[in-house]
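As structure tokens, the structure follows; a few thoughts come after it.
The values are calculated or read from the model by the stated rules, or taken from the named source; none is laboratory data. For clarity, every value in this text was computed on a predicted model and none was experimentally measured. Ideal geometry is used to build each Cβ from the backbone, glycine not excepted, and the neighbour counts take in all protein chains shown.
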Amino acid sequence: MNRNKSREIFEKALTLIPGGVNSPARAFGGVGGTPVVFERAEGPWMYDVDGNRYIDYVLSWGPMILGHCDPRVTESLNAAVAHGTSFGAPTLAENTLAELIIRLVPSIERVRLVNSGTEATMSAIRLARGYTGRDKIVKFIGCYHGHVDSLLVAAGSACATLAVPNSPGVTAGTAADTILLNYNDVEGVRKTFEENGDQIAGVIVEPVAGNMGCVPGTREFLETLREETKKHASVLIFDEVMSGFRVARGGAQEFYGITPDLTTLGKIVGGGLPVGAYGGRKEIMDAVTPVGKVYQAGTLSGNPLATAAGIATLRVLEAESDFYTKLNATTARLAKGIEREAADAGVKVSVSHIGGMSTIFFLSEDDDSVKDWDSSSRCDKKRFAKFFWSMLDSGVYLPCSQFETMFTCSVHSDEIVDATIAAAGKAFRSL
Ligand code: HOZ
């Protein structure tokens, strides 16, 4: 496949933008070579500047659950654009999006719209601290909650890919209030609360981790978090920026039947535009300004274009009763097909999947599955990289790191999934 124009454009970008990218997850750091430069996208397809077409499993890192350029979202955006792009004042659309979120995610009684997942987690952490009057936050190794200072410790996603889990610039003082535990480690959670329970403002967790690859939390682990935070009056924050509206209509909390105190959202809630949200129990949310004293603000928060795309997307998810049955079936078909091809080719792989999320883990000799950062980090990154390039040359665009999640959407038809499985078979045989 010829990608000369991509290369040329990226080389120019290197002279203008640090690393040529506006977010390091796109830099191909985990697979080598230069990123593909895209021109347009439609449905399940992305088209690069050299005219190549790819089946897209990145989906803008999650938001495009209806595929690209869904006409319902595009029409809603076009209508909004004609009315003005930013007011910095209340709009009816903000109520509409808030009502949709509250209806779909019942643990959310009040919600505040922000501009990204990072803003949502940053604000939720501040709120947990302000509400409880405590400083310490529990975070799990390999989870990623955006580039919030206090959470950039043992972080997943591009931090893991580029080997900067603890970023320079985060002061020792900031990081000192973050308690790190292993994901899915029930005993670790119990012990930490026994020893420090009265100092812990909150626990932030991806109930389905998506930033060390897709690693679902065990039911016992998540139930323990709920139990211990309740017992010690700490705030349980489910970071559902990735899993929200994706693992189930009501997110991972609906899937597991566990009610957090606060939830952070992003990606799908903005239908492909920059939106984040945090919300939860009224009593806690009322500590946010202007009702309470925990400060949080934003010029573009609740922006009319962003709310238009979010509303159009969530309306589809609410209206189509079999949406998640179909999405689960698509992901399961993909995962099982890829595992079958790997087994046929004699390649040790496990495809972890839940809802519209999945990861092909190139397991180490010592592991049969991935359940935490240690087992994820032991995966064979070199094999993943070779597999990635073979898939790309067959016209399949995967996340460019072993530590990221593949996303499926409503327009990944059986035919498209089967073509992906065939490409995977070819890629496994080439390793
Ligand atoms: N959470 C996304 C990937 N893990 C973010 C993508 C990015 O950092 O650009």
Original post:
On the given criteria, is residue 239 in contact with a strand residue (DSSP E or B) (Cβ under 9 Å, 6 or more places away or on another chain), within 16 Å of the ligand (Cβ to nearest atom) and among the charged types (D, E, K, R)?
Top reply: yes
**OP:** Evaluate segment 350-358: report whether one residue or more is on the phi > 0 side of the Ramachandran plot and either buried (at least 17 other Cβ atoms within 10 Å of the Cβ) or not charged (D, E, K, R) (or both).
**Re:** yes
Original post:
Which of (1) touching a Leu at 6+ places or on another chain (Cβ under 9 Å); (2) over 23 Å from residue 209 (Cα atoms) does residue 378 not meet, given it meets every other one?
Top reply: (2)
**OP:** Would you check if residue 217 is closer than 13 Å to residue 258 by Cα, small (Gly, Ala, Ser) and touching a helix residue (DSSP H, G or I) at 6+ places or on another chain (Cβ under 8 Å)?
**Re:** yes
Subject >> Test set (1) within 16 Å of the ligand (Cβ to nearest atom); (2) under 23 Å from residue 243 (Cα atoms) - residue 98 fails condition number >> reply: (1)
Original post:
Restricting attention to segment 1-46, which residues are in contact with an Asp or Glu (Cβ under 7 Å, 6 or more places away or on another chain) and of a type in the set (Asp, Glu)?
Top reply: 39
**OP:** Determine whether residue 411 is within 30 Å of residue 144 (Cα to Cα), in contact with a Pro (Cβ under 8 Å, 6 or more places away or on another chain) and either in a loop (DSSP other than H, G, I, E, B) or touching a residue at least 40 places away in the same chain (Cβ under 8 Å) (or both).
**Re:** yes
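Within the group 208, 235, which residue is at pLDDT 95 or above, closer than 24 Å to residue 247 by Cα and more than 19 Å from the chain's Cα centre (by Cα)?
235
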Original post:
Can you name the residue in segment 139-189 that is without any contact (Cβ under 8 Å) to a residue 12 or more places away in the chain and within 16 Å of the ligand (Cβ to nearest atom) and, of all such residues, is nearest to residue 233 (Cα to Cα)?
Top reply: 164
Original post:
Taking segment 49-77 as the region of interest, how many residues are surrounded by 17 or more Cβ atoms within 10 Å (Cβ to Cβ) and closer than 25 Å to residue 313 by Cβ?
Top reply: 18
**OP:** Taking the residues in segment 302-328 that are out of contact with any helix residue (DSSP H, G or I) (no Cβ under 9 Å at 6 or more places or on another chain) and part of a helix (DSSP H, G or I) as candidates, determine which candidate is nearest to residue 63 (Cα to Cα).
**Re:** 327
Subject >> Scope segment 223-263; condition surrounded by fewer than 24 Cβ atoms within 10 Å (Cβ to Cβ), touching a residue at least 40 places away in the same chain (Cβ under 8 Å) and basic (Lys, Arg); matching residues >> reply: 249
Original post:
So, in segment 32-87, of the ones that are farther than 20 Å from residue 359 by Cα and hydroxyl-bearing (Ser, Thr, Tyr), which residue ends up nearest to the ligand (Cβ to nearest atom)?
Top reply: 34
Original post:
Among the residues of segment 181-234, which ones are outside any helix (DSSP H, G or I) and of a type in the set (Ser, Thr, Tyr)?
Top reply: 183, 218, 234
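Quickly run through segment 115-138 and pick out the residues that are within 17 Å of residue 265 (Cα to Cα) and more than 15 Å from the ligand (Cβ to nearest atom). Break it down stepwise before answering.
Keep residues of segment 115-138 that are within 17 Å of residue 265 (Cα to Cα), which gives 115-128.
Correct list: 123, 124, 125, 126, 127, 128.
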**OP:** Name the single residue, out of those in segment 6-31 being of a type outside the set (A, V, I, L, M, F, W, C) and away from the ligand (no atom under 13 Å from the Cβ), that is surrounded by the fewest Cβ atoms within 10 Å (Cβ to Cβ).
**Re:** 15
Original post:
Can you name the condition, by its number, that residue 346 falls short on among (1) at negative phi; (2) of a type outside the set (S, T, N, Q); (3) surrounded by fewer than 16 Cβ atoms within 10 Å (Cβ to Cβ)?
Top reply: (1)
Original post:
What residue, of 124, 128, 80, is crowded, with 21+ Cβ neighbours inside 10 Å, on the phi < 0 side of the Ramachandran plot and touching a Phe, Trp or Tyr at 6+ places or on another chain (Cβ under 6 Å)?
Top reply: 124
